[in-house]
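Student: Take a look at this one; I'll ask things after.
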Amino acid sequence: MIPLKLKADFESKSAPYVVKLLPTESSGADGDGVASVRELSPGILTCTSSNGVFTYYLQGDNEWHGDVVLCIPEAGRVERLFRANSKNNTLLFTERCDQLCVMCSQPPREIDSAWRLPLYEQALGLVEPNSIIGISGGEPTLYKSELLEMLNRLGDQRSDLVFHILTNAQHFSESDRPLLKEVHAKLKVIWGVPLYSASKVEHDLIVGKEGAFDPLIKNLFLLASTNANIELRTVLTGLNALDLPSLSSFVSRHLSFISTWAIMATEPIGFAKANHHRVFFDHSIMPQPICSAIDICEIRGVSVKLFNFPLCTIPGPYRQFCAQSISDWKTKYLKICDSCSQRTSCCGFFEWYNDKWKWQNVEPLGEVG
Amino acid sequence: MLPKVSIEISDDFVDYAEAAVTRLSYLYPNYEFALQGHSLEVFPIKSDGRLGDINEIKRQVFYQLYRQRIYVETLSIRKSLYAND
Amino acid sequence: MISASNYTPLRFRDIGDELLITNEVGDFGLFPLDTVERFFAGTLPEKSVDELKTLGVLIDNADSWQLMSLARRLKKQNAVAKKVHYLILIPTLRCNLTCSYCQVSRAPLAASGFDWNDKRLDEFSAYLDTIEPDHLKVEFQGGEPTLRPDLISKIMEICLTKAKSADFVICTNILDLSPEVLKLFDREDTVISTSLDGPLQAMSSNRTKDDNLSIRTQKNLEYLLKSYGPGKVSALPTITEDNFSNFRELIDTYIELGFQSIFLRPVNYQGFARKKHAKMHEEVARWNNYYTSAIEYIKERNRSGYFEEFYLASLARKIFGHEESGFVDLRSPVSFLSDYAVIDFNGKIYPSDEARMLSRIKHVDLAVGDLTDGVDSAKILSLNSAGVNQVHEDCLHCVYMPFCGIDIVDDISRYGRIDLPKADTWFCNRHMFMFDFLFQKVQSKQRDWLDLFLRWARRSTEPSNAYALFS
């Protein structure tokens, strides 16, 4: 576990700002938006920029060269927005959401954080070339015009960036078509869009919003018509697991334009933990729906991936679909994993996996082949 | 030789009867189909085994009526489905 | 409940004791026999309503995403290729065999004036300039193209210069494997296609008329398979009624040689047109009987490895796997010369190889241009206009319309006309039979067949648990 929000001591209480951390001796350390950093001892940094001086203490990951951080002097806090040596940098665009998914790992909060958005854009201007940037929430498209316009401007300045944006796709409309097209022409954006069931009743129930299904499907067509790159995401829960084959048939029939379909194991935190009795599903003893869904995709030529499923919990022939999908800062391996030969190619477990959220068939794997 | 068959056509389908008769006459040249108001009469001219018994004749007549109605009623949606935009 | 604005086209047909219903793009479902009657009477059971909604037949409103999905898929299914990417070339009409079913599409070995000359090569090169090909697949047919390895080499060179990339198929009787021919076979961009009608005796009676020649081709085939592997060599049988009883030997021959696929297609005696349709029905029934026995046997042989009947497997891939088959003669709308062209020894351009044969016997002239003067787009247009099953009065109500096509050339070759009721044509009867066969297995849930269809659809010996594709 790597904490991303850290305590810091600021010399002056200015308004929030973002800086990129570079060592004092490096060239560019005195550039715009850059803090020149002295590492007093490992993990303890004093950072000086035109905005002032602050000191903070790294935890979990002591590599900081090229990090971009958000400084909130009033709160005495530094947020590590972009860690230069991580592939899992995600901006929490807003904590507000119009859906209330039964297994949400990041339950929404009605907090107005619109003040952060211009700072995020500044931060994105500072990140290392060719970075992959996640944008998540809450529901980012509650600030849809801010989001699309930001992407459009970044498309001019930083077309090297790749964005991976999680959205429930409820809020797009025909009028967004031109801007979406423009953005997709400039910038690679992967839209991660959740769909939980082929049945609208079941989908609406899972996302806690009546009437969510139809606009979602419609907007997937809209996105596709603007050359969007779409990663469809289905979190597997006790509510929808058995209907996965019929969802697979639906996806391959109607939504074959997607780039990938990600079938995902639940992240056992937030609402998932609270709703354990409805959400928990032990695929390790009942992998059939997953296998069937994959078979259907294989036949229909839809690319499919398994996210957050440790290799040992998936039958052998289907392990090739598993991806190392869990963000580094919240991955863990179990004691039993020590003797597993596949550990380095396995996604591992969520930090919050425990005895109350336990799959039966977890075991070390031998050498392949 | 089969006897003449008379089939009553309900109001819902009477608009499609003429098209159905044309189609039936083309598909089954060994039968004569005649429309008298709400009644469709089928005369076998020569049994060729293609329209077995009376029930089979009735079924094929109704199927043609359904098909004509589906065709007419879905034509505008169909055109819009094929329209390229 | 039913009004003209809340449903999309549906088609239906009795299968067993259920009603098969398809929508405009070929999604299907099995319903109670009285479903259409109750559909119009407004007395459908809730289950049927839900299933018709799933098919996009019943829609909630004119703004439904189901309409967007249908439109998008229709566009994809009916997309017409923008460029020619498949060429069949006949560099020579001469042949060193006289097969019984090929009296018309060959010239004697010693005849002159039946090979491409330098002028033809130049014209071909100029023709490629007009189509600006991206990737080109080129099939050398004949006659026997390996009589002129020098010509094949030159044509390959032209193709590789004019197209961004190209690969080649040499269709050959493999009677003579000269060093020049083997050099062509060695190329990584080239595969070999040959005729194989079964064991020795079938080869002799159909093709070589001489057991010694049959043995030679057999040895050559074994040699090619040994040197290049089965991925490089494919074989195609020509099946005449005389061979109907020998299907086991034919299939065994293919399996023993290591082939994973056989295309069981009936020979079309070009020009020996059938006069009476009563006879047509008998003839197609004989073929369908033969075909049924053969694929039953193929199913048995699949217990110990992968082996497909190519046409049925292709239909399964199309219907259940949503794969476009690409068969030139199973298309609708027909779009001759949009992606595919045949160029004869004399430079004439045809929309298909059957069309070339048909013209050869002067049944009808289906040439749509030549290398010298280019293509005749008015003639192509008039041929295409008869090839749209979505509007053809015989096809537009057919439950199999979304999967089927129209083969004008086959109709002309058999009946000399294209306006015979489709139900009286060989093409329609053969395809109705095949579609019925597939859907009867679905309706009766015959696991052994369904498993086989899934394996073929996935091109895999592994069993698939994808039964959702059948409902």
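Student: Take the range A:216-233 and flag every residue that is polar (S, T, N, Q) and either surrounded by fewer than 21 Cβ atoms within 10 Å (Cβ to Cβ) or free of Cβ contacts under 8 Å to residues at least 12 places away in the same chain (or both).
Tutor: Answer for the range A:216-233, where residues must be polar (S, T, N, Q) and either surrounded by fewer than 21 Cβ atoms within 10 Å (Cβ to Cβ) or free of Cβ contacts under 8 Å to residues at least 12 places away in the same chain (or both): A:Ser225, A:Thr226, A:Asn227, A:Asn229.
Student: Further, regarding this structure: From C:Glu24, C:Glu37, which residue is acidic (Asp, Glu), over 23 Å from A:Arg300 (Cβ atoms) and within 9 Å of chain B (Cβ to nearest Cβ)?
Tutor: C:Glu37
Student: Also, I was wondering about something else. Does C:Arg317 satisfy being in contact (Cβ under 8 Å) with a residue 24 or more places away in the chain and of a type in the set (Lys, Arg)?
Tutor: Yes; evaluated as a whole, the condition is true for this residue.
Student: Okay, moving on. Residues of the range B:8-27 being aromatic (Phe, Trp, Tyr) and over 18 Å from C:Lys422 (Cα atoms), which ones?
Tutor: Across the range B:8-27, the qualifying residues are B:Phe13, B:Tyr16.
Student: Would you point out which residue out of A:Phe280, A:Phe307 is within 25 Å of A:Ser341 (Cα to Cα), among the hydrophobic types (A, V, I, L, M, F, W, C) and more than 13 Å from chain C (Cβ to nearest Cβ)?
Tutor: Answer to the check: A:Phe307.
Student: Right, next: Exactly one condition in (1) touching a Leu at 6+ places or on another chain (Cβ under 9 Å); (2) buried (at least 22 other Cβ atoms within 10 Å of the Cβ) is not met by A:Ser259; state its number.
Tutor: (2)
Student: Can you tell me which of (1) more than 14 Å from chain C (Cβ to nearest Cβ); (2) buried (at least 19 other Cβ atoms within 10 Å of the Cβ); (3) out of contact with any strand residue (DSSP E or B) (no Cβ under 9 Å at 6 or more places or on another chain) is the one A:Asp295 doesn't meet?
Tutor: Of everything listed in (1) more than 14 Å from chain C (Cβ to nearest Cβ); (2) buried (at least 19 other Cβ atoms within 10 Å of the Cβ); (3) out of contact with any strand residue (DSSP E or B) (no Cβ under 9 Å at 6 or more places or on another chain), A:Asp295 misses just condition (1).
Student: Go over the candidates C:Glu51, C:Glu37, C:Glu24 one by one and state the one that is touching a Gly at 6+ places or on another chain (Cβ under 7 Å) and of a type in the set (D, E, K, R).
Tutor: Just one listed residue meets the conditions, C:Glu51.
Student: Sticking with this one: Checking the condition out of contact with any Gly (no Cβ under 9 Å at 6 or more places or on another chain), among the acidic types (Asp, Glu) and away from chain C (no Cβ under 14 Å), which residue from A:Glu182, A:Glu210 passes?
Tutor: Matching residue, one of A:Glu182, A:Glu210: A:Glu210.
Student: Looking at the range A:148-161, can you tell me whether even one residue there is touching a residue at least 40 places away in the same chain (Cβ under 8 Å) and on the phi < 0 side of the Ramachandran plot?
Tutor: Among the residues of the range A:148-161, not one is touching a residue at least 40 places away in the same chain (Cβ under 8 Å) and on the phi < 0 side of the Ramachandran plot, which makes the answer no.
Student: Within the range A:319-369, which residues are without any contact (Cβ under 8 Å) to a residue 12 or more places away in the chain and either part of a strand (DSSP E or B) or under 23 Å from A:Asn85 (Cα atoms) (or both)?
Tutor: Correct list: A:Arg343, A:Thr344.
Student: I've got another one for you. Give the residues of the range C:63-122 that are within 14 Å of chain A (Cβ to nearest Cβ), part of a loop (DSSP other than H, G, I, E, B) and in contact with a helix residue (DSSP H, G or I) (Cβ under 6 Å, 6 or more places away or on another chain), sorted by residue number.
Tutor: Across the range C:63-122, there are no qualifying residues.
Student: In addition: Just name the residue that is nearest to the other protein chains (Cβ to nearest Cβ) out of those in the range C:311-359 that are at pLDDT 90 or above and on the phi > 0 side of the Ramachandran plot.
Tutor: C:His322
Student: Here's a follow-up. From the residues in the range A:72-128 that are of a type in the set (Lys, Arg) and outside any loop (DSSP other than H, G, I, E, B), which one is farthest from the chain's Cα centre (by Cα)?
Tutor: The extreme case among them is A:Arg77.
Student: Still on this structure: Checking A:Thr48 against (1) assigned to a loop (DSSP other than H, G, I, E, B); (2) of a type outside the set (Phe, Trp, Tyr); (3) modelled with pLDDT of 90 or more, only one condition comes out false. Which one?
Tutor: Status for A:Thr48: all satisfied but (1).
Student: I've got another one for you. If A:Cys104 satisfies every condition in (1) surrounded by 20 or more Cβ atoms within 10 Å (Cβ to Cβ); (2) in contact with a His (Cβ under 9 Å, 6 or more places away or on another chain) but one, which is the exception?
Tutor: Failed condition: (2).
Student: Now for a separate question. Is there any pair with a first residue in the range A:247-259 that is at the interface with chain C (Cβ under 7 Å from one of its Cβ atoms) and more than 12 Å from A:Val304 (Cα to Cα) and a second that is outside any helix (DSSP H, G or I) and among the polar types (S, T, N, Q) whose Cβ atoms are under 9 Å apart and which are 6 or more apart or on different chains, and what are they?
Tutor: Partner pairs satisfying both residue conditions: A:Ser249/C:Ser471.
Student: Of these, C:Ala457, C:Ala378, which one is closer than 30 Å to A:Ser248 by Cα and either surrounded by fewer than 21 Cβ atoms within 10 Å (Cβ to Cβ) or within 14 Å of another protein chain (Cβ to nearest Cβ) (or both)?
Tutor: C:Ala457
Student: With the condition being closer than 13 Å to B:Phe62 by Cα, under 11 Å from the mean Cα position of the chain (by Cα) and within 14 Å of chain C (Cβ to nearest Cβ), I'd like the strands (runs of 3 or more DSSP E) fully within the range B:1-45 carrying at least 1 qualifying residues.
Tutor: Per the criteria, B:5-8.
Student: Separate question: Name the pairs whose Cβ atoms lie under 8 Å apart, with the first residue in the range A:2-16 and among the charged types (D, E, K, R), the second part of a loop (DSSP other than H, G, I, E, B), and 6 or more positions between them or separate chains?
Tutor: A:Lys7/A:Gly76; A:Asp9/A:Gly76
Student: Now for a separate question. Just one of (1) touching a helix residue (DSSP H, G or I) at 6+ places or on another chain (Cβ under 9 Å); (2) in a loop (DSSP other than H, G, I, E, B); (3) crowded, with 20+ Cβ neighbours inside 10 Å trips up C:Leu177, so point out which.
Tutor: Answer for C:Leu177: the failing condition is (3).
Student: Please go through (1) more than 15 Å from C:Leu312 (Cα to Cα); (2) modelled with pLDDT of 95 or more; (3) buried (at least 20 other Cβ atoms within 10 Å of the Cβ) for C:Val442 and return the number of the only condition it doesn't satisfy.
Tutor: (1)
Student: Those residues that are loosely packed, with under 13 Cβ neighbours inside 10 Å, touching a strand residue (DSSP E or B) at 6+ places or on another chain (Cβ under 7 Å) and in a strand (DSSP E or B), I need them from the range A:10-42; list them, please.
Tutor: Within the range A:10-42, just A:Leu40 meets the criteria.
The values are calculated or read from the model by the stated rules, or taken from the named source; none is laboratory data. The structure presented is a predicted model; accordingly, all values stated were derived computationally and were not measured. All Cβ positions, even for glycine, are placed from backbone atoms using ideal geometry, and neighbour counts span all protein chains on display.
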